[in-house]
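Chemist: Handing you this structure, nothing more for now.
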Amino acid sequence: TWIYPAKKLPPGPPGLPLIGNLFQLLGVQRRGKPAIVIGSHKVALDLFEKRGSIYSERPRCIVANEIMTRNLVFAFAPHDNSWRRMRRASHEILNNQIVKNYHKFQNIEAVLLVKDLSKAPEFYIRHIQRATTSSLLSVIYGLPPCPDPFDPTLMLVTDLTQSVLDAAAPGQHLVEYFPFLRYLPSRLCSWKRHAEHVFQIADSVFGDLYRQVEKRAERAWLAGTLYAAGSETTSKQMLWFLLSMAIYPDIQAKAQKQIDDIIGRERLPNLDDFERLPYVRALIKELLRWRGVGPFGIPHALSEDDYYEGYLIPKGTDCIVNVWALNHDQDVYGSDADFFRPERHLDQDGQLKLVASRETKDEGHNTFGFGRRDIEKRVSRICVGRHVAVNSLFIQMTCILWCFNITPAEDETGKPIFIDENEMIEDGLTVRPLPINRYKFTQRFPEMEELVMNVLELDGRDHLDTED
Ligand code: HEM
(Lines give C-alpha, C1' and ligand atoms only; values in the text may rest on other atoms or scores of the structure.)
Protein backbone atom coordinates (compact mmCIF):
# COMPACT_ATOMS: atom_id res chain seq x y z
CA THR A 1 0.00 0.00 0.00
CA TRP A 2 1.39 3.41 -0.99
CA ILE A 3 0.08 6.92 -0.53
CA TYR A 4 -1.46 8.13 -3.77
CA PRO A 5 0.78 11.03 -4.90
CA ALA A 6 -1.62 13.54 -6.49
CA LYS A 7 -2.89 16.24 -4.13
CA LYS A 8 -6.57 16.11 -4.95
CA LEU A 9 -6.92 12.38 -4.56
CA PRO A 10 -8.24 10.99 -1.27
CA PRO A 11 -5.66 10.94 1.53
CA GLY A 12 -3.60 7.81 2.00
CA PRO A 13 -2.54 6.20 5.26
CA PRO A 14 1.02 7.01 6.32
CA GLY A 15 2.28 3.46 6.49
CA LEU A 16 -0.91 1.99 7.93
CA PRO A 17 -2.01 -1.47 6.82
CA LEU A 18 -5.18 -1.59 4.76
CA ILE A 19 -7.16 -3.75 7.13
CA GLY A 20 -8.58 -2.28 10.28
CA ASN A 21 -7.87 1.38 9.65
CA LEU A 22 -10.45 3.82 10.86
CA PHE A 23 -10.35 6.38 8.07
CA GLN A 24 -13.59 7.04 6.24
CA LEU A 25 -12.06 7.04 2.77
CA LEU A 26 -8.50 6.14 1.90
CA GLY A 27 -6.77 6.61 -1.43
CA VAL A 28 -4.18 3.93 -1.94
CA GLN A 29 -2.31 2.24 -4.73
CA ARG A 30 -2.12 -1.50 -5.07
CA ARG A 31 0.98 -2.09 -7.18
CA GLY A 32 0.20 0.76 -9.52
CA LYS A 33 -3.61 0.39 -9.57
CA PRO A 34 -5.58 3.22 -7.94
CA ALA A 35 -7.86 2.00 -5.17
CA ILE A 36 -9.97 3.43 -2.40
CA VAL A 37 -10.82 1.68 0.84
CA ILE A 38 -14.11 2.78 2.37
CA GLY A 39 -14.59 2.53 6.11
CA SER A 40 -17.77 4.54 6.69
CA HIS A 41 -21.48 3.90 6.18
CA LYS A 42 -21.99 7.41 4.85
CA VAL A 43 -19.33 7.15 2.15
CA ALA A 44 -20.54 3.67 1.13
CA LEU A 45 -24.09 4.98 0.83
CA ASP A 46 -23.06 8.12 -1.07
CA LEU A 47 -20.96 6.24 -3.59
CA PHE A 48 -22.63 2.84 -4.06
CA GLU A 49 -26.26 3.80 -3.71
CA LYS A 50 -26.61 7.49 -4.61
CA ARG A 51 -24.02 7.22 -7.41
CA GLY A 52 -24.50 3.50 -7.98
CA SER A 53 -24.64 3.78 -11.77
CA ILE A 54 -20.93 4.62 -11.94
CA TYR A 55 -19.72 2.62 -8.92
CA SER A 56 -21.08 -0.75 -10.03
CA GLU A 57 -18.26 -1.89 -12.27
CA ARG A 58 -15.99 -4.73 -11.13
CA PRO A 59 -12.19 -4.47 -11.06
CA ARG A 60 -10.50 -6.31 -13.92
CA CYS A 61 -9.65 -9.77 -12.63
CA ILE A 62 -7.64 -11.66 -15.21
CA VAL A 63 -7.33 -15.06 -13.54
CA ALA A 64 -10.75 -15.44 -11.84
CA ASN A 65 -12.80 -13.71 -14.48
CA GLU A 66 -11.10 -13.81 -17.85
CA ILE A 67 -9.31 -17.18 -17.76
CA MET A 68 -11.07 -19.30 -15.13
CA THR A 69 -14.62 -18.35 -16.05
CA ARG A 70 -14.32 -16.48 -19.40
CA ASN A 71 -16.47 -13.60 -18.15
CA LEU A 72 -19.39 -16.01 -17.71
CA VAL A 73 -19.70 -15.60 -13.92
CA PHE A 74 -21.67 -12.38 -13.76
CA ALA A 75 -20.73 -11.74 -10.11
CA PHE A 76 -17.24 -10.80 -11.36
CA ALA A 77 -18.16 -9.68 -14.86
CA PRO A 78 -18.13 -6.12 -16.26
CA HIS A 79 -21.27 -4.03 -15.89
CA ASP A 80 -22.35 -4.52 -19.52
CA ASN A 81 -25.40 -5.80 -21.40
CA SER A 82 -24.59 -9.41 -20.70
CA TRP A 83 -24.39 -8.63 -16.94
CA ARG A 84 -27.74 -6.81 -17.18
CA ARG A 85 -29.39 -9.80 -18.87
CA MET A 86 -28.05 -12.25 -16.28
CA ARG A 87 -28.85 -9.96 -13.36
CA ARG A 88 -32.43 -9.48 -14.59
CA ALA A 89 -32.88 -13.22 -15.15
CA SER A 90 -31.61 -14.05 -11.65
CA HIS A 91 -33.75 -11.33 -10.10
CA GLU A 92 -36.77 -12.94 -11.76
CA ILE A 93 -36.10 -16.27 -10.01
CA LEU A 94 -34.75 -14.96 -6.69
CA ASN A 95 -36.84 -11.90 -5.79
CA ASN A 96 -38.57 -11.52 -2.46
CA GLN A 97 -41.96 -12.66 -3.77
CA ILE A 98 -40.92 -15.65 -5.84
CA VAL A 99 -38.66 -17.19 -3.16
CA LYS A 100 -41.80 -18.30 -1.30
CA ASN A 101 -42.13 -21.00 -3.97
CA TYR A 102 -38.91 -22.57 -2.71
CA HIS A 103 -40.00 -22.94 0.92
CA LYS A 104 -40.89 -26.60 0.37
CA PHE A 105 -37.37 -27.48 -0.81
CA GLN A 106 -35.73 -25.53 1.98
CA ASN A 107 -38.04 -27.03 4.64
CA ILE A 108 -37.30 -30.59 3.64
CA GLU A 109 -33.54 -29.98 3.35
CA ALA A 110 -33.51 -28.64 6.93
CA VAL A 111 -35.26 -31.81 8.15
CA LEU A 112 -32.75 -33.98 6.29
CA LEU A 113 -30.01 -31.88 7.87
CA VAL A 114 -31.14 -32.55 11.44
CA LYS A 115 -31.56 -36.23 10.64
CA ASP A 116 -27.96 -36.35 9.34
CA LEU A 117 -26.66 -34.40 12.34
CA SER A 118 -28.27 -36.82 14.76
CA LYS A 119 -26.84 -39.86 12.92
CA ALA A 120 -23.30 -38.66 12.13
CA PRO A 121 -22.56 -35.37 13.94
CA GLU A 122 -18.83 -35.66 13.24
CA PHE A 123 -19.52 -34.79 9.58
CA TYR A 124 -21.42 -31.60 10.45
CA ILE A 125 -19.52 -29.49 7.91
CA ARG A 126 -20.42 -31.81 5.01
CA HIS A 127 -24.03 -32.07 6.21
CA ILE A 128 -24.36 -28.30 6.19
CA GLN A 129 -22.73 -28.02 2.77
CA ARG A 130 -24.98 -30.79 1.46
CA ALA A 131 -28.19 -29.22 2.77
CA THR A 132 -27.38 -25.77 1.43
CA THR A 133 -26.09 -26.96 -1.90
CA SER A 134 -28.84 -29.49 -2.43
CA SER A 135 -31.60 -26.95 -1.79
CA LEU A 136 -29.99 -24.68 -4.40
CA LEU A 137 -29.95 -27.62 -6.83
CA SER A 138 -33.72 -27.82 -6.36
CA VAL A 139 -34.27 -24.05 -6.58
CA ILE A 140 -32.11 -23.50 -9.62
CA TYR A 141 -32.23 -26.75 -11.58
CA GLY A 142 -35.46 -28.23 -10.20
CA LEU A 143 -33.56 -31.39 -9.22
CA PRO A 144 -34.58 -33.62 -6.28
CA PRO A 145 -32.48 -33.46 -3.05
CA CYS A 146 -29.05 -34.99 -3.23
CA PRO A 147 -28.86 -37.12 -0.07
CA ASP A 148 -25.16 -38.03 -0.15
CA PRO A 149 -22.93 -35.51 1.69
CA PHE A 150 -19.95 -36.92 -0.23
CA ASP A 151 -21.62 -36.74 -3.65
CA PRO A 152 -18.79 -36.14 -6.19
CA THR A 153 -20.64 -33.32 -8.04
CA LEU A 154 -21.37 -31.42 -4.83
CA MET A 155 -17.76 -31.78 -3.72
CA LEU A 156 -16.48 -30.71 -7.14
CA VAL A 157 -18.64 -27.57 -7.14
CA THR A 158 -17.33 -26.72 -3.65
CA ASP A 159 -13.74 -27.05 -4.90
CA LEU A 160 -14.40 -25.05 -8.08
CA THR A 161 -16.05 -22.25 -6.13
CA GLN A 162 -13.12 -22.17 -3.75
CA SER A 163 -10.66 -21.89 -6.66
CA VAL A 164 -12.55 -18.91 -8.09
CA LEU A 165 -12.91 -17.22 -4.68
CA ASP A 166 -9.18 -17.68 -4.03
CA ALA A 167 -8.24 -16.27 -7.43
CA ALA A 168 -10.61 -13.29 -7.02
CA ALA A 169 -9.11 -12.16 -3.72
CA PRO A 170 -7.08 -8.95 -4.22
CA GLY A 171 -3.34 -9.55 -4.59
CA GLN A 172 -3.46 -13.26 -5.43
CA HIS A 173 -1.66 -13.18 -8.81
CA LEU A 174 1.10 -11.03 -10.25
CA VAL A 175 -0.66 -10.98 -13.63
CA GLU A 176 -3.35 -8.68 -12.14
CA TYR A 177 -0.69 -5.97 -11.83
CA PHE A 178 1.31 -6.85 -14.96
CA PRO A 179 -1.43 -7.84 -17.45
CA PHE A 180 1.05 -8.62 -20.23
CA LEU A 181 1.92 -11.82 -18.27
CA ARG A 182 -1.42 -13.13 -19.43
CA TYR A 183 0.07 -13.76 -22.87
CA LEU A 184 2.81 -16.08 -21.62
CA PRO A 185 2.26 -19.62 -22.88
CA SER A 186 0.43 -21.90 -20.44
CA ARG A 187 3.29 -24.40 -20.35
CA LEU A 188 5.43 -21.72 -18.62
CA CYS A 189 2.86 -20.68 -15.98
CA SER A 190 1.26 -23.05 -13.50
CA TRP A 191 -1.31 -20.40 -12.46
CA LYS A 192 -2.55 -20.21 -16.06
CA ARG A 193 -2.71 -23.98 -16.48
CA HIS A 194 -4.67 -24.24 -13.21
CA ALA A 195 -7.09 -21.46 -14.28
CA GLU A 196 -7.70 -23.10 -17.68
CA HIS A 197 -8.22 -26.47 -16.03
CA VAL A 198 -10.81 -24.95 -13.64
CA PHE A 199 -12.66 -23.50 -16.64
CA GLN A 200 -12.79 -26.85 -18.46
CA ILE A 201 -14.10 -28.69 -15.39
CA ALA A 202 -16.62 -25.97 -14.45
CA ASP A 203 -17.90 -25.76 -18.04
CA SER A 204 -18.48 -29.49 -18.10
CA VAL A 205 -20.07 -29.69 -14.60
CA PHE A 206 -22.42 -26.73 -15.13
CA GLY A 207 -23.22 -27.94 -18.65
CA ASP A 208 -24.06 -31.45 -17.39
CA LEU A 209 -26.23 -30.13 -14.56
CA TYR A 210 -28.08 -27.86 -16.91
CA ARG A 211 -28.61 -30.51 -19.57
CA GLN A 212 -30.33 -32.69 -16.96
CA VAL A 213 -33.20 -30.24 -17.02
CA GLU A 214 -33.01 -28.45 -20.34
CA LYS A 215 -31.14 -28.66 -23.61
CA ARG A 216 -30.26 -24.96 -23.79
CA ALA A 217 -26.69 -24.93 -22.56
CA GLU A 218 -26.19 -21.18 -23.01
CA ARG A 219 -27.71 -20.44 -19.62
CA ALA A 220 -25.68 -23.12 -17.89
CA TRP A 221 -23.19 -20.65 -16.50
CA LEU A 222 -25.87 -18.31 -15.17
CA ALA A 223 -27.39 -21.19 -13.21
CA GLY A 224 -23.91 -22.41 -12.23
CA THR A 225 -23.02 -18.96 -10.90
CA LEU A 226 -26.09 -18.78 -8.68
CA TYR A 227 -25.50 -22.28 -7.46
CA ALA A 228 -21.82 -21.74 -6.66
CA ALA A 229 -22.24 -18.19 -5.26
CA GLY A 230 -25.02 -19.33 -2.95
CA SER A 231 -23.71 -22.62 -1.63
CA GLU A 232 -20.33 -21.61 -0.23
CA THR A 233 -21.49 -18.35 1.35
CA THR A 234 -24.57 -19.80 3.03
CA SER A 235 -22.76 -22.92 4.32
CA LYS A 236 -19.94 -20.87 5.81
CA GLN A 237 -22.47 -18.58 7.49
CA MET A 238 -24.05 -21.69 9.03
CA LEU A 239 -20.66 -22.71 10.44
CA TRP A 240 -20.47 -19.34 12.18
CA PHE A 241 -23.96 -20.02 13.54
CA LEU A 242 -22.80 -23.26 15.20
CA LEU A 243 -19.82 -21.47 16.71
CA SER A 244 -21.98 -18.63 18.07
CA MET A 245 -24.44 -21.05 19.68
CA ALA A 246 -21.69 -23.10 21.31
CA ILE A 247 -20.05 -20.08 22.91
CA TYR A 248 -23.20 -18.07 23.74
CA PRO A 249 -25.47 -20.65 25.48
CA ASP A 250 -27.72 -17.94 26.93
CA ILE A 251 -28.57 -16.69 23.43
CA GLN A 252 -29.15 -20.25 22.27
CA ALA A 253 -31.55 -20.77 25.20
CA LYS A 254 -33.50 -17.58 24.39
CA ALA A 255 -33.94 -18.62 20.76
CA GLN A 256 -35.02 -22.11 21.83
CA LYS A 257 -37.53 -20.66 24.30
CA GLN A 258 -39.22 -18.65 21.57
CA ILE A 259 -39.20 -21.65 19.23
CA ASP A 260 -40.70 -23.89 21.97
CA ASP A 261 -43.35 -21.29 22.90
CA ILE A 262 -44.48 -20.75 19.32
CA ILE A 263 -43.99 -24.18 17.75
CA GLY A 264 -44.13 -26.59 20.65
CA ARG A 265 -43.02 -30.23 20.46
CA GLU A 266 -45.76 -31.65 18.23
CA ARG A 267 -44.35 -30.59 14.87
CA LEU A 268 -41.13 -29.40 13.24
CA PRO A 269 -40.57 -25.73 12.34
CA ASN A 270 -41.09 -24.61 8.75
CA LEU A 271 -40.73 -21.38 6.77
CA ASP A 272 -44.34 -20.35 7.52
CA ASP A 273 -43.04 -19.66 11.06
CA PHE A 274 -40.74 -16.89 9.80
CA GLU A 275 -42.89 -13.95 10.93
CA ARG A 276 -43.64 -15.56 14.28
CA LEU A 277 -40.02 -15.90 15.40
CA PRO A 278 -38.56 -12.39 15.67
CA TYR A 279 -35.78 -13.51 18.04
CA VAL A 280 -34.48 -16.03 15.49
CA ARG A 281 -34.64 -13.39 12.75
CA ALA A 282 -32.71 -10.98 14.98
CA LEU A 283 -30.19 -13.77 15.55
CA ILE A 284 -29.70 -14.11 11.76
CA LYS A 285 -29.17 -10.36 11.37
CA GLU A 286 -26.70 -10.36 14.23
CA LEU A 287 -24.84 -13.37 12.86
CA LEU A 288 -24.47 -11.69 9.45
CA ARG A 289 -23.29 -8.51 11.18
CA TRP A 290 -20.97 -10.02 13.79
CA ARG A 291 -19.34 -12.74 11.67
CA GLY A 292 -20.38 -12.00 8.07
CA VAL A 293 -18.62 -14.41 5.72
CA GLY A 294 -17.27 -11.69 3.39
CA PRO A 295 -15.22 -9.14 5.38
CA PHE A 296 -14.55 -7.07 2.25
CA GLY A 297 -17.56 -8.09 0.14
CA ILE A 298 -16.73 -8.18 -3.57
CA PRO A 299 -14.76 -5.12 -4.73
CA HIS A 300 -16.50 -2.64 -7.04
CA ALA A 301 -14.80 -0.37 -9.60
CA LEU A 302 -15.57 3.12 -10.86
CA SER A 303 -16.56 3.46 -14.52
CA GLU A 304 -15.92 7.24 -14.93
CA ASP A 305 -14.00 10.02 -13.16
CA ASP A 306 -15.85 11.27 -10.09
CA TYR A 307 -15.43 14.04 -7.51
CA TYR A 308 -16.31 13.31 -3.91
CA GLU A 309 -15.96 15.80 -1.04
CA GLY A 310 -13.45 17.74 -3.15
CA TYR A 311 -11.37 14.70 -4.08
CA LEU A 312 -10.90 13.28 -7.55
CA ILE A 313 -11.49 9.56 -7.82
CA PRO A 314 -10.27 8.49 -11.25
CA LYS A 315 -12.10 6.16 -13.62
CA GLY A 316 -10.98 2.56 -13.11
CA THR A 317 -10.33 2.95 -9.37
CA ASP A 318 -10.93 -0.26 -7.40
CA CYS A 319 -13.41 0.42 -4.58
CA ILE A 320 -13.04 -1.89 -1.62
CA VAL A 321 -15.35 -1.60 1.37
CA ASN A 322 -14.13 -2.66 4.78
CA VAL A 323 -17.46 -4.35 5.47
CA TRP A 324 -16.11 -5.81 8.71
CA ALA A 325 -15.35 -2.31 10.03
CA LEU A 326 -18.78 -1.02 8.98
CA ASN A 327 -20.48 -3.95 10.69
CA HIS A 328 -18.54 -3.29 13.90
CA ASP A 329 -18.85 0.50 13.83
CA GLN A 330 -19.39 1.69 17.39
CA ASP A 331 -21.06 4.91 16.17
CA VAL A 332 -23.79 2.80 14.63
CA TYR A 333 -24.04 -0.24 16.90
CA GLY A 334 -22.84 1.19 20.20
CA SER A 335 -19.89 0.42 22.44
CA ASP A 336 -20.77 -3.30 22.49
CA ALA A 337 -20.47 -3.58 18.70
CA ASP A 338 -17.88 -6.36 19.01
CA PHE A 339 -20.24 -8.56 21.02
CA PHE A 340 -22.80 -11.01 19.67
CA ARG A 341 -26.12 -9.58 20.85
CA PRO A 342 -29.28 -10.28 18.78
CA GLU A 343 -31.29 -7.99 21.12
CA ARG A 344 -29.81 -4.95 19.41
CA HIS A 345 -32.21 -5.67 16.50
CA LEU A 346 -35.29 -5.88 18.77
CA ASP A 347 -37.49 -3.27 20.41
CA GLN A 348 -38.79 -3.49 23.98
CA ASP A 349 -41.71 -5.68 22.84
CA GLY A 350 -39.32 -8.17 21.28
CA GLN A 351 -40.23 -7.13 17.73
CA LEU A 352 -37.66 -6.37 15.02
CA LYS A 353 -36.54 -2.76 14.78
CA LEU A 354 -34.23 -0.81 12.52
CA VAL A 355 -30.81 -0.48 14.10
CA ALA A 356 -29.44 3.03 14.35
CA SER A 357 -28.11 3.41 10.84
CA ARG A 358 -30.55 4.10 8.02
CA GLU A 359 -27.73 3.16 5.66
CA THR A 360 -28.03 -0.54 6.52
CA LYS A 361 -31.75 -0.44 5.58
CA ASP A 362 -33.85 -3.08 7.27
CA GLU A 363 -31.02 -5.61 7.13
CA GLY A 364 -29.04 -4.22 10.07
CA HIS A 365 -25.67 -5.11 8.44
CA ASN A 366 -23.76 -4.71 5.18
CA THR A 367 -22.85 -8.32 4.53
CA PHE A 368 -24.95 -8.59 1.36
CA GLY A 369 -23.04 -5.72 -0.25
CA PHE A 370 -24.17 -2.48 -1.80
CA GLY A 371 -26.52 -1.01 -4.33
CA ARG A 372 -30.02 0.40 -4.52
CA ARG A 373 -32.78 -2.12 -3.85
CA ASP A 374 -35.41 -0.35 -6.00
CA ILE A 375 -33.43 -0.61 -9.23
CA GLU A 376 -31.48 -3.75 -8.49
CA LYS A 377 -32.48 -5.39 -11.76
CA ARG A 378 -30.69 -2.75 -13.77
CA VAL A 379 -27.83 -1.23 -11.81
CA SER A 380 -27.26 -2.62 -8.37
CA ARG A 381 -24.63 -5.19 -7.42
CA ILE A 382 -26.22 -6.05 -4.06
CA CYS A 383 -26.42 -9.82 -3.50
CA VAL A 384 -29.22 -11.11 -5.71
CA GLY A 385 -29.58 -14.29 -3.63
CA ARG A 386 -30.06 -12.65 -0.24
CA HIS A 387 -33.74 -13.59 0.17
CA VAL A 388 -33.07 -17.26 -0.56
CA ALA A 389 -30.02 -17.09 1.72
CA VAL A 390 -31.96 -15.66 4.69
CA ASN A 391 -34.69 -18.27 4.26
CA SER A 392 -32.13 -21.10 4.16
CA LEU A 393 -30.39 -19.75 7.26
CA PHE A 394 -33.71 -19.34 9.05
CA ILE A 395 -35.03 -22.83 8.48
CA GLN A 396 -31.72 -24.65 9.03
CA MET A 397 -31.02 -22.70 12.22
CA THR A 398 -34.56 -23.10 13.58
CA CYS A 399 -34.69 -26.84 12.92
CA ILE A 400 -31.27 -27.35 14.54
CA LEU A 401 -32.27 -25.32 17.63
CA TRP A 402 -35.58 -27.16 17.87
CA CYS A 403 -33.79 -30.55 17.83
CA PHE A 404 -30.46 -30.06 19.59
CA ASN A 405 -28.51 -28.28 22.29
CA ILE A 406 -25.21 -27.26 20.76
CA THR A 407 -22.23 -27.26 23.12
CA PRO A 408 -18.46 -27.37 22.66
CA ALA A 409 -17.11 -30.90 22.25
CA GLU A 410 -15.11 -32.32 25.15
CA ASP A 411 -11.41 -33.13 25.24
CA GLU A 412 -9.96 -36.46 26.42
CA THR A 413 -10.29 -35.37 30.06
CA GLY A 414 -13.97 -34.57 29.57
CA LYS A 415 -13.47 -30.78 29.72
CA PRO A 416 -15.28 -28.64 27.11
CA ILE A 417 -12.77 -27.50 24.47
CA PHE A 418 -12.08 -23.77 24.25
CA ILE A 419 -13.49 -22.17 21.08
CA ASP A 420 -11.96 -18.84 20.18
CA GLU A 421 -14.45 -16.65 18.29
CA ASN A 422 -11.56 -14.64 16.83
CA GLU A 423 -9.81 -17.54 15.12
CA MET A 424 -10.76 -17.90 11.49
CA ILE A 425 -9.59 -19.23 8.18
CA GLU A 426 -9.46 -16.88 5.22
CA ASP A 427 -10.56 -18.53 1.95
CA GLY A 428 -9.94 -15.86 -0.67
CA LEU A 429 -12.90 -13.52 -0.36
CA THR A 430 -14.57 -15.35 2.53
CA VAL A 431 -13.82 -16.33 6.13
CA ARG A 432 -14.94 -19.36 8.15
CA PRO A 433 -14.25 -20.83 11.60
CA LEU A 434 -11.52 -23.44 12.12
CA PRO A 435 -12.58 -26.84 10.79
CA ILE A 436 -11.85 -28.90 13.89
CA ASN A 437 -14.50 -31.20 15.25
CA ARG A 438 -15.69 -29.04 18.05
CA TYR A 439 -19.42 -29.36 18.74
CA LYS A 440 -21.66 -31.76 20.58
CA PHE A 441 -25.27 -32.05 19.37
CA THR A 442 -27.48 -33.31 22.21
CA GLN A 443 -31.07 -34.23 21.34
CA ARG A 444 -33.45 -32.06 23.31
CA PHE A 445 -36.31 -34.57 23.60
CA PRO A 446 -36.74 -38.27 22.80
CA GLU A 447 -39.66 -37.96 20.33
CA MET A 448 -37.53 -35.84 18.02
CA GLU A 449 -36.31 -38.69 15.79
CA GLU A 450 -39.79 -40.07 15.26
CA LEU A 451 -41.16 -36.65 14.30
CA VAL A 452 -38.29 -36.12 11.87
CA MET A 453 -38.89 -39.52 10.24
CA ASN A 454 -42.64 -38.78 10.02
CA VAL A 455 -41.99 -35.58 8.06
CA LEU A 456 -39.60 -37.37 5.70
CA GLU A 457 -42.04 -40.23 5.25
CA LEU A 458 -44.90 -37.87 4.44
CA ASP A 459 -42.69 -36.18 1.89
CA GLY A 460 -41.63 -39.53 0.43
CA ARG A 461 -38.02 -38.94 1.52
CA ASP A 462 -37.75 -41.56 4.25
CA HIS A 463 -35.67 -43.73 1.90
CA LEU A 464 -32.99 -41.05 1.70
CA ASP A 465 -30.63 -42.55 4.23
CA THR A 466 -27.20 -40.99 3.98
CA GLU A 467 -25.51 -43.89 5.73
CA ASP A 468 -26.16 -46.21 2.79
C1 HEM B 1 -25.06 -15.77 3.55
C2 HEM B 1 -25.14 -15.86 2.25
C3 HEM B 1 -24.63 -14.84 1.26
C4 HEM B 1 -23.80 -13.76 1.44
C5 HEM B 1 -23.17 -13.27 2.73
C6 HEM B 1 -23.63 -13.13 0.15
C7 HEM B 1 -22.88 -11.98 -0.06
C8 HEM B 1 -22.74 -11.36 -1.30
C9 HEM B 1 -21.98 -10.15 -1.53
C10 HEM B 1 -21.20 -9.36 -0.49
C11 HEM B 1 -22.06 -9.86 -2.84
C12 HEM B 1 -21.41 -8.67 -3.57
C13 HEM B 1 -22.29 -7.44 -3.49
C14 HEM B 1 -21.59 -6.19 -4.01
O15 HEM B 1 -20.94 -6.25 -5.05
O16 HEM B 1 -21.68 -5.13 -3.35
C17 HEM B 1 -22.87 -10.89 -3.46
C18 HEM B 1 -23.16 -10.94 -4.80
C19 HEM B 1 -23.83 -11.99 -5.37
N20 HEM B 1 -24.48 -13.02 -4.75
FE21 HEM B 1 -24.50 -13.38 -2.75
N22 HEM B 1 -24.34 -13.84 -0.78
C23 HEM B 1 -24.97 -14.89 -0.15
C24 HEM B 1 -25.82 -15.82 -0.72
C25 HEM B 1 -26.13 -15.89 -2.07
C26 HEM B 1 -27.04 -16.84 -2.67
C27 HEM B 1 -27.86 -17.88 -1.90
C28 HEM B 1 -27.00 -16.62 -4.02
C29 HEM B 1 -27.74 -17.31 -5.14
C30 HEM B 1 -28.77 -18.11 -4.99
C31 HEM B 1 -26.08 -15.51 -4.26
C32 HEM B 1 -25.77 -14.99 -5.50
C33 HEM B 1 -25.02 -13.85 -5.70
C34 HEM B 1 -24.70 -13.32 -7.02
C35 HEM B 1 -25.09 -13.94 -8.35
C36 HEM B 1 -23.97 -12.14 -6.81
C37 HEM B 1 -23.39 -11.20 -7.87
C38 HEM B 1 -24.32 -10.03 -8.09
C39 HEM B 1 -23.80 -9.06 -9.16
O40 HEM B 1 -22.58 -8.89 -9.30
O41 HEM B 1 -24.63 -8.45 -9.84
N42 HEM B 1 -25.58 -15.09 -3.05
N43 HEM B 1 -23.28 -11.79 -2.49
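Chemist: Could you list all residues from the range 222-256 that are within 9 Å of the ligand (Cβ to nearest atom), open to solvent by 10 Å² or more (accessible area, probe 1.4 Å) and among the aliphatic types (A, V, I, L, M)?
Modeler: Selection gives Leu222, Leu226, Ala228, Ala229.
Chemist: Condition first: out of contact with any Asp or Glu (no Cβ under 7 Å at 6 or more places or on another chain) and away from the ligand (no atom under 16 Å from the Cβ). Now tell me which residues in the range 309-323 satisfy that.
Modeler: Here is the first cut: in the range 309-323, the ones out of contact with any Asp or Glu (no Cβ under 7 Å at 6 or more places or on another chain) are 309-311, 316-323.
Listed by number, the residues that qualify are Glu309, Gly310, Tyr311, Gly316.
Chemist: Here's a check for you: in the range 138-180, which residue that is open to solvent by 30 Å² or more (accessible area, probe 1.4 Å) and polar (S, T, N, Q) is nearest to Thr225 (Cα to Cα)?
Modeler: Out of the qualifying residues, it is Gln162.
Chemist: Taking Ile263 as meeting all but one of (1) away from the ligand (no atom under 16 Å from the Cβ); (2) in contact with a Ser or Thr (Cβ under 9 Å, 6 or more places away or on another chain); (3) open to solvent by 40 Å² or more (accessible area, probe 1.4 Å), write down the number of the exception.
Modeler: (3)
Chemist: Of these, Leu326, Leu287, which one is within 16 Å of the ligand (Cβ to nearest atom) and under 24 Å from Arg51 (Cβ atoms)?
Modeler: On the way: Leu287 fails: under 24 Å from Arg51 (Cβ atoms).
Unique residue meeting the criteria: Leu326.
Chemist: If a residue has to be more than 9 Å from the ligand (Cβ to nearest atom) and touching a helix residue (DSSP H, G or I) at 6+ places or on another chain (Cβ under 6 Å) to count, how many in the range 90-106 make the cut?
Modeler: 6
Chemist: Which of the residues spanning the range 138-153 are within 15 Å of the ligand (Cβ to nearest atom), under 21 Å from Lys115 (Cβ atoms) and modelled with pLDDT under 85?
Modeler: In the first step, residues of the range 138-153 are kept if they are within 15 Å of the ligand (Cβ to nearest atom); the result is 138-143.
Restricting the remaining residues to those that are under 21 Å from Lys115 (Cβ atoms) gives 138-139, 143.
Across the range 138-153, the qualifying residue is only Leu143.
Chemist: Taking the stated definitions as given, is Tyr311 in contact with a Gly (Cβ under 9 Å, 6 or more places away or on another chain), modelled with pLDDT under 95 and surrounded by fewer than 21 Cβ atoms within 10 Å (Cβ to Cβ)?
Modeler: Details: in contact with a Gly (Cβ under 9 Å, 6 or more places away or on another chain): yes; modelled with pLDDT under 95: yes; surrounded by fewer than 21 Cβ atoms within 10 Å (Cβ to Cβ): yes.
Spelling it out, Tyr311 is indeed in contact with a Gly (Cβ under 9 Å, 6 or more places away or on another chain), modelled with pLDDT under 95 and surrounded by fewer than 21 Cβ atoms within 10 Å (Cβ to Cβ).
The values are calculated or read from the model by the stated rules, or taken from the named source; none is laboratory data. For clarity, every value in this text was computed on a predicted model and none was experimentally measured. Note that we place each Cβ from the backbone using ideal geometry, even for glycine, and neighbour counts take in every protein chain shown. Surface accessibility is based on the protein's heavy atoms, side chains included, excluding ligands, DNA and RNA. Shrake-Rupley method; radii C 1.70, N 1.55, O 1.52, S 1.80 Å.
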